[in-house]
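The values are calculated or read from the model by the stated rules, or taken from the named source; none is laboratory data. Quantities reported herein were computed from a predicted structural model and do not represent experimental measurements. Note that we place each Cβ from the backbone using ideal geometry, even for glycine, and neighbour counts take in every protein chain shown. For accessibility, only protein heavy atoms count, side chains too; no ligands or nucleic acids. Shrake-Rupley method; radii C 1.70, N 1.55, O 1.52, S 1.80 Å.
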Amino acid sequence: MSTDAEVLVIGSGPAGISAAATAAMHGRDVLLLDDNPAPGGQIWRESTIGEPEEPDDKQRKALLALRISGARIFSGWSVFDAPRERSLRAIQQTDSDIGADLHTIDISYENLVLATGARERFLPFPGWTLPGVFGAGGLQALARGGFSVAGKRIVVAGTGPLLLPVAAHLRQMGGRVVTVAEQASRRQLARFSASLSRQPTKLLEGLQYRAASGGSRYRLGCWPVAALGTENVEGVRLTDGERTWDEPCNLLACGFHLVPNTELASLLGCTLRDGIIEVDDVQQTSIPNVFAAGEPTGIAGLDSALLTGTMAGLAAAGKLEDARALLSRRKKFERFAARLNAAFALRPALLALAQPDTIVCRCEDIRHGALTAYKSWNDAKLQTRCGMGPCQGRVCGPATEALFGWRTSSVRPPLIPVPLSAMSATPAR
Ligand SMILES: Cc1cc2nc3c(=O)[nH]c(=O)nc-3n(C[C@H](O)[C@H](O)[C@H](O)COP(=O)(O)OP(=O)(O)OC[C@H]3O[C@@H](n4cnc5c(N)ncnc54)[C@H](O)[C@@H]3O)c2cc1C
C-alpha cells in the first residue's frame, strides 16, 4: 500500500495532535500516524476497562480540534523504516496472527513532524527483572489496559515528576500504594518547588497528585537497592543512604525519569544534542522539511508538548512567522526542562547498585560483569550482543549511558522488530 500527505505527523500524543490539527486547520492535507489504538499518547491513553475516564479540558479541546481539522488518522501503525527520501514505511500487525495479519504502507510527505514522545529510563539493580517489577508508567499503562492492581500492595520508586501521577492513578484503580520513594533529595525538590513560584499550576498539580495518592508515604532521598523475592517480587529493599529496610509489596513500579524517543530522527539523519533533537526557532530540525515537537525536543511536560506541537504544525504549514511568535513561550518551557533535569538528576549511588550478576540487557541476558571490560556501546554490542535483542537497546541503551557513559551510535532499520516479510519489501541499501 502507499499514500501521501503534505504533512505527515508521527506520534499522536499531545504534541502530534496539536501539530496535526494546526497544520490541517491551515489547509494542509495532514496524516497523523501512531502505533497506539487511538490518539492520546502516554498521558491521554484510553482506559479499556471500567467507565471511560472523563477527559480534562486540555484533552477535550485538543481532541475536538483534531476531529474538526480534517486530518486523516492512522492508528495502530508503527514506522519502522525510511526507505526513500521523503518517505516512511509503517507496519500494522495484529497480536493474534502476526504472519497472516500484516500490512505495510509507504507514506510520502512534503513535510514531516516527529512527535514520537519519550519512554521511561530503567536502571539495573539486583532483582529488577523479577516478575512483578514494572516501569512506573508501564504499570499505569497496563492497569489502564485491564491488568488488575486492585488490592495489590504497591511501591512506586525511582525519580521524576511521573511518580506521583502514577501513584495517584494506581490508587484510583484500587491498588494499595504504600510508599512512593523519590531518590531526589528534599533540598533538590525544595529548590525545584521554589523555582515554580511563577508557575503555581505546576505546584498545584503536584499537590493534587500527592493528595490523590493519599495514604502512601512519600519519601524523599530514598531509593530501591534490591527487589526481593524468588518467583515474583515480594518486597523491595529501600535506603535513604543511612538506613536500609525492607518494604513488602506485590508490585514494584520503578522508573528513573524519561528518555526522549529519537530513533526515527537519528535514522533520518537529524542532528541530536545532549540526547534531544536539535530544533531551530520554528521547530525545524537540521533537515529542512523535518520538524520535531514534544518530548524528543526536551522533557518538559504536557503544556510544552502542546505548544511545540502547535509551532511545528504552523511551520510545517508554511506559517513560519506565526510559529516564531510563540518562541518566547517555548523558552520558558526550556528553562523548566533544565530545572526538571537538575532536580531529578540521578545520584551516584544509583549507578553503583548493579552487581556483577545483575542483568543489564534483559533481551539478551547480558550481566553487568560481562560489560565492564568494554569501552563503548559498539564494542560491548559486538562482543556481547548487549542491545541487540527485540527492544534494540531502548532499555539497556539509556542504562549503559548512565552506568558507563556510553552513547548509543547509529540507528538502523527496522526501528522495531518486524517479520522478515515486511523487511523483504524494503529495498536493499
Ligand atoms: C510511560 C509514560 C507515562 C506517562 N504518564 C503521564 C501521566 O500520567 N501524567 C503526566 O502528566 N504525564 C505523563 N507522562 C509524560 C507525558 O507523556 C508528557 O508530559 C507529554 O504529554 C508528552 O507528549 P508527547 O506528545 O511529546 O509524547 P507522547 O504522549 O509520548 O506521544 C508520542 C506518541 O508517539 C508514538 N510513537 C513513537 N514512535 C513511533 C513510531 N515509530 N511509529 C508510530 N508511533 C510512534 C508513541 O507510541 C506515542 O503514542 C508519561 C510519560 C511516559 C513515557
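Filter segment 25-45 down to the residues that are of a type in the set (Gly, Ala, Ser) and open to solvent by 10 Å² or more (accessible area, probe 1.4 Å), then identify the one that is farthest from Met311 (Cα to Cα). By that ranking, first place goes to Ala38.
For segment 222-231, the criterion of a residue being acidic (Asp, Glu), in contact (Cβ under 8 Å) with a residue 24 or more places away in the chain and within 21 Å of Ala300 (Cβ to Cβ) is satisfied by no position.
Restricting segment 327-350 to residues that are crowded, with 17+ Cβ neighbours inside 10 Å and more than 16 Å from the ligand (Cβ to nearest atom) leaves a set whose member that is nearest to the chain's Cα centre (by Cα) is Leu346. Any idea how many residues of segment 138-159 are closer than 30 Å to Leu196 by Cα, surrounded by fewer than 24 Cβ atoms within 10 Å (Cβ to Cβ) and at pLDDT 95 or above? The total comes to 1. Of all the criteria given as (1) on the phi < 0 side of the Ramachandran plot; (2) more than 10 Å from the ligand (Cβ to nearest atom), the one not satisfied by Gly127 is (1).
Taking the criterion of being within 27 Å of Ile276 (Cβ to Cβ), open to solvent by less than 50 Å² (accessible area, probe 1.4 Å) and assigned to a helix (DSSP H, G or I), the residues of segment 382-401 that qualify are Cys396, Gly397, Pro398, Ala399, Thr400. Return the pairs, sorted by first residue and then second, in which the second residue is assigned to a helix (DSSP H, G or I) and near the ligand (Cβ under 8 Å from one of its atoms), the first residue lies in segment 295-312 and is closer than 21 Å to Ala65 by Cα and of a type in the set (A, V, I, L, M), the beta carbons are less than 8 Å apart, and the residues are 6+ apart or on different chains. Pairs that qualify, where the first residue is closer than 21 Å to Ala65 by Cα and of a type in the set (A, V, I, L, M) and the partner is assigned to a helix (DSSP H, G or I) and near the ligand (Cβ under 8 Å from one of its atoms), are Leu302/Pro14; Ala305/Pro14; Ala305/Ala15; Ala305/Glu295; Leu306/Pro14; Leu306/Ala15; Ala312/Ala15. Taking the criterion of being among the hydrophobic types (A, V, I, L, M, F, W, C), assigned to a loop (DSSP other than H, G, I, E, B) and more than 6 Å from the ligand (Cβ to nearest atom), the residues of segment 1-49 that qualify are Met1, Ala38, Trp44, Ile49.
Residue by residue, here is whether (1) open to solvent by less than 60 Å² (accessible area, probe 1.4 Å); (2) not charged (D, E, K, R) holds:
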{"position": "Gln172", "(1), (2)": "no, yes"}
{"position": "Arg191", "(1), (2)": "no, no"}
{"position": "Ala194", "(1), (2)": "no, yes"}
{"position": "Thr201", "(1), (2)": "no, yes"}
{"position": "Gly206", "(1), (2)": "yes, yes"}
{"position": "Leu220", "(1), (2)": "yes, yes"}
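Just so you know, in segment 255-290 the residues that are of a type in the set (Asp, Glu) and without any contact (Cβ under 8 Å) to a residue 24 or more places away in the chain include one that is surrounded by the most Cβ atoms within 10 Å (Cβ to Cβ), and it is Glu278.
Can Ile68 be described as open to solvent by 10 Å² or more (accessible area, probe 1.4 Å), free of Cβ contacts under 8 Å to residues at least 60 places away in the same chain, of a type outside the set (D, E, K, R) and on the phi < 0 side of the Ramachandran plot? The answer is yes for Ile68.
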